[in-house]
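The values are calculated or read from the model by the stated rules, or taken from the named source; none is laboratory data. On a predicted model such as this, the values are computed, not experimentally measured, just so you know. Positions of Cβ are generated from backbone atoms using ideal geometry, with glycine treated the same way; all protein chains shown enter the neighbour counts.
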Amino acid sequence: MEFLNVINDLIKQYLGELGPLIILGVLGLVLILIAVSLMVSQPEDPLKKLQRSTTAPKADKKGKKEKLRNASRNEQLEKFATFLEPKSEEELSAIQLKLRQAGYHSKDAVRFFHFAQFALGIVGILVGVALVTVLAGGQEFTPSQTAIRVIIPVVVGYFLPKYWITRRVEERHEAITAGFPDTLDLMLVCVEAGQSLDQAIVRVAKEMSASYPEIAQEFEIVAYELKAGKEKDTVLRDFGTRCGVQDVSAFVTVMIQSATFGTSIAEALRVYASEMRDKRVMRAEEAANKLPTKMTLATMILTVPPLLVILVGPSAKGISELGQ
């Protein structure tokens, strides 16, 4: 007991009154990381492997399709699927849609997202513990100050992936909006040259990859889905939902209506492409009209104080000299 009391006194001397709790927290994190690493590197049970090999010839067609669909998934993350994926289907669909709008189309995107949140949260805990121990420089903190220094890095680390995804979605929407008029013009040229809509989509995906890679990637996905035999209406609706841009959704509606009523796709593209060009000009004019308003505040901050110093300064100095 005396030995434990000596260790406790030493910990409190170097780490403060909360030293034992900090040590226990660090040990708990170390044990969690060791457990996770052991679970990831755990070899497969030979009995399960033998059972899978014996039942493989008897697998039905649905099982083969499911295996083919999940073949590219990360097997290490598969072990933590219940931990790294939301239980609700609506929440899972919402986060999948947001990640696709950000440009992440991998099957493991949701798992990587939640794993990044978990890992950065652990890193935040370690950073917070380091702030109150190693980097404190012998300074003692109250319990509230210690909690703030530990909680803030954890919150920042946990919400950093969500902020990154939100920024990626906004940037991708802007890029798609900027490149969509040129894409429509190229598609109109391809359709009027005699190509079908499917061939025009493939051509657009190839030609626009250098200037607008975001919209080219979306059209490439559309081309692959059409080649796979998916219905055109479903592919176009998924395209509009995946992009999340109003102009693209309106384009999808125009294409579906044109195919439904049997009207000319080239004529519909010509009218809509003209509207997109006019809309791009209107956006440029709107940005130009906003510029003077945005510059007013900066102009006042940079010009009014120097003018006041120049105009009022000599008078203030003369008044001060008369008072003396």
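Taking the stretch 202-260 as the region of interest, how many residues are assigned to a helix (DSSP H, G or I), in contact (Cβ under 8 Å) with a residue 60 or more places away in the chain and of a type outside the set (Val, Ile, Thr)?
To start, the set of residues in the stretch 202-260 that are assigned to a helix (DSSP H, G or I) comprises 202-207, 213-227, 232-243, 246-260.
Next, only the ones that are in contact (Cβ under 8 Å) with a residue 60 or more places away in the chain stay: 214, 217, 221, 241-243, 247-248, 251.
In the following step, the residues that additionally are of a type outside the set (Val, Ile, Thr) were identified as 214, 217, 242-243, 247, 251.
Adding up the residues that qualify gives 6.
Can you name every residue in the stretch 274-301 that is surrounded by 13 or more Cβ atoms within 10 Å (Cβ to Cβ) and over 30 Å from the mean Cα position of the chain (by Cα)?
Ser274, Glu275 - these are the residues of the stretch 274-301 that are surrounded by 13 or more Cβ atoms within 10 Å (Cβ to Cβ) and over 30 Å from the mean Cα position of the chain (by Cα).
Helices (runs of 4 or more DSSP H) wholly in the stretch 80-135 with at least 2 residues that are touching a Phe, Trp or Tyr at 6+ places or on another chain (Cβ under 8 Å) - which ones? Lay out the reasoning, then the answer.
On the way: elements: 81-84, 89-101, 109-132.
Correct list: 89-101, 109-132.
Inside the stretch 181-213, can you point out the residues that are within 18 Å of Ala102 (Cβ to Cβ) and either buried (at least 18 other Cβ atoms within 10 Å of the Cβ) or in the same structural domain as His105 (by TED's automatic domain parsing) (or both)?
Looking only at the stretch 181-213, we keep the residues that are within 18 Å of Ala102 (Cβ to Cβ), and these are 212-213.
Of everything in the stretch 181-213, just one residue is within 18 Å of Ala102 (Cβ to Cβ) and either buried (at least 18 other Cβ atoms within 10 Å of the Cβ) or in the same structural domain as His105 (by TED's automatic domain parsing) (or both), namely Tyr212.
In the stretch 95-112, which residues are among the hydrophobic types (A, V, I, L, M, F, W, C) and farther than 22 Å from Pro213 by Cβ? It would help to see each step written out before you state the result.
In the first step, residues of the stretch 95-112 are kept if they are among the hydrophobic types (A, V, I, L, M, F, W, C); the result is 95, 97, 99, 102, 109-110, 112.
Selection gives Ile95, Val110.
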